[in-house]
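A.B. asks: First the structure, which I've put down as structure tokens, then a few questions once you've had a look.
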Amino acid sequence: MQQQRVYNFSAGPAVLPEEVLKEAQEHLYVLPGVGMSVLEISHRSKTFDEIIHNAEALMRELLNVPENYHILFLQGGATLQFSMVPMNLMTTKNKADYIITGYWSQKALKEAKKVGTINIAATTESENFTRIPKQSELKLDPDAAYVHYTSNNTIFGTQWNYIPEVGNVPLVCDMSSDFMCRPVDVSKFALIYAGAQKNIGPSGVTVVIIRKDMLERSSDSLPIYLNYKIHADNFSLYNTPNCFGIYIIGLVMKWIKNKGGLKTIQKMNEEKAKILYDFLDENSDYYRGTVQKDSRSLMNIPFRLPNEELENKLIAEATKAGFSGLKGHKSVGGLRASIYNAFPKKGVEDLVEFLKEFRKKN
Ligand SMILES: *Cc1c(COP(=O)(O)O)cnc(C)c1O
């Protein structure tokens, strides 16, 4: 029996396009022309070579990734990147700049401190991470090995709407929760990383886009899996990668391309977010957004109700009505609607209707 799907507002792992799930389901038993499932094929086979090459080529095309960048498919989540970035990139100079805008940048900072000296170039912690700092607030060290920031703060619901200007210092970005939600000028970055499970696939794959000159910094003394150069030289196939995850990413890339590319995806995301933000603004005496307007995320929308009792009631009733994953992260409380690329517009409209009704009754 086919079960009804609910609206999945989870922050990650998160909703995937229905078309992708259906194609994966159809081909899970045997990949056409292969006679085996994608779960069973060798990562050294010609079939898998085509799968990984196709995923990479589509991502390169959609994001307009220049020739002088590698795209890697690694494991260990964004969390391993918190360590790999400093271990590989801080070899030339033992210091780096970190911009702190929330929970995940703090986690990245903690790991980087184990490797070298960190300058906090800006932080909005004293304002409870309710906004993104302005360019003029960044206290950058022109001699830093790199600058690290988090483009979208999954838990606090803020998102950078500009790329920080960092001069000649390499720019590194954790894009886990807004990767491919809109076009981005990759050439402004030395390294971009993103766990796939928020916006482009299942958990277990981390995408790393790294400018080729950065590989010169990776020392041979690094543990082999932690060395970017090893992965780049072996086209992400030094060891067995997450074959299934990479296959799904390829299907998601195809889905994005069929939608019309990242400009269209951005427009869809802006439309969806506007529906919910407009509603919150009109009902701000009851539903209270928690971040400053100019820092609002397209992906994760946290909000509070007049009291915790009502919040718990709403979450319980929403879950019953088919709106899953609305509970906010424990550090912010309240509710959070994560509406990634694959989240349907109809789901946001239905949520707004539900919130309207809830307010009337409570
Ligand atoms: C989810 C998330 C992470 C952690 O990702 P893992 O894959 O669980 O290691 C890091 N950074 C951001 C911005 C995230 O949203």
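The values are calculated or read from the model by the stated rules, or taken from the named source; none is laboratory data. On a predicted model such as this, the values are computed, not experimentally measured, just so you know. Cβ sites come from the backbone with ideal geometry, for glycine too, and all protein chains shown count toward neighbours. Accessible surface is based on the protein model in full, side chains and every heavy atom, while ligands, DNA and RNA are left aside. Shrake-Rupley method; radii C 1.70, N 1.55, O 1.52, S 1.80 Å.
A.B. asks: Among all residue pairs at least 6 apart or on different chains, which show Cβ distances below 7 Å where the first residue, located in the stretch 62-85, is on the phi > 0 side of the Ramachandran plot and the second is away from the ligand (no atom under 11 Å from the Cβ) and of a type outside the set (D, E, K, R)?
C.D. replies: Asn64/Val186
A.B. asks: So which pairs qualify, if the first residue must be in the stretch 100-112 and within 13 Å of Val332 (Cβ to Cβ), the second must be surrounded by fewer than 22 Cβ atoms within 10 Å (Cβ to Cβ), the Cβ gap must be under 7 Å, and the two must be at least 6 apart or on different chains?
C.D. replies: Gly102/Ile155; Tyr103/Ile155; Tyr103/Ser331
A.B. asks: Scanning for something open to solvent by less than 30 Å² (accessible area, probe 1.4 Å), among the charged types (D, E, K, R) and out of contact with any Asp or Glu (no Cβ under 8 Å at 6 or more places or on another chain), does the stretch 286-303 turn up at least one residue?
C.D. replies: No: zero hits.
A.B. asks: Of all residues in the stretch 259-298, which are in a helix (DSSP H, G or I), free of Cβ contacts under 8 Å to residues at least 12 places away in the same chain and more than 20 Å from Tyr162 (Cβ to Cβ)?
C.D. replies: Lys259, Thr264, Asp278, Asp281, Glu282
A.B. asks: If you check Gly116 against the conditions, is it more than 16 Å from the ligand (Cβ to nearest atom), touching a residue at least 24 places away in the same chain (Cβ under 8 Å) and open to solvent by less than 70 Å² (accessible area, probe 1.4 Å)?
C.D. replies: yes
A.B. asks: Residues to consider are Ile192, Ile224, Ile200, Ile210; find the one that is without any contact (Cβ under 8 Å) to a residue 24 or more places away in the chain and open to solvent by less than 60 Å² (accessible area, probe 1.4 Å).
C.D. replies: Ile192
A.B. asks: Continuing with the same structure: Considering only the stretch 46-64, how many residues are touching a strand residue (DSSP E or B) at 6+ places or on another chain (Cβ under 9 Å) and buried (at least 19 other Cβ atoms within 10 Å of the Cβ)?
C.D. replies: Qualifying residue count for the region: 5.
A.B. asks: Output the residue which, of all residues in the stretch 177-211 that are of a type in the set (Val, Ile, Thr) and part of a loop (DSSP other than H, G, I, E, B), is nearest to the ligand (Cβ to nearest atom).
C.D. replies: Per the criteria, the residue is Val205.
A.B. asks: Another one. If I ask for residues that are more than 15 Å from the ligand (Cβ to nearest atom) and open to solvent by 10 Å² or more (accessible area, probe 1.4 Å), which ones from the stretch 143-176 would you list?
C.D. replies: Asp143, Asn161, Tyr162, Ile163, Glu165, Val166, Gly167, Asn168, Val169, Pro170
A.B. asks: Please list, ordered by first then second residue, the pairs with beta carbon atoms under 6 Å, 6 or more apart or interchain, first in the stretch 16-33 and closer than 15 Å to Met253 by Cβ, second surrounded by 11 or more Cβ atoms within 10 Å (Cβ to Cβ).
C.D. replies: Leu16/Ala342; Pro17/Trp255; Pro17/Ala342; Glu19/Trp255; Val20/Leu251; Val20/Val252; Val20/Trp255; Glu23/Leu251
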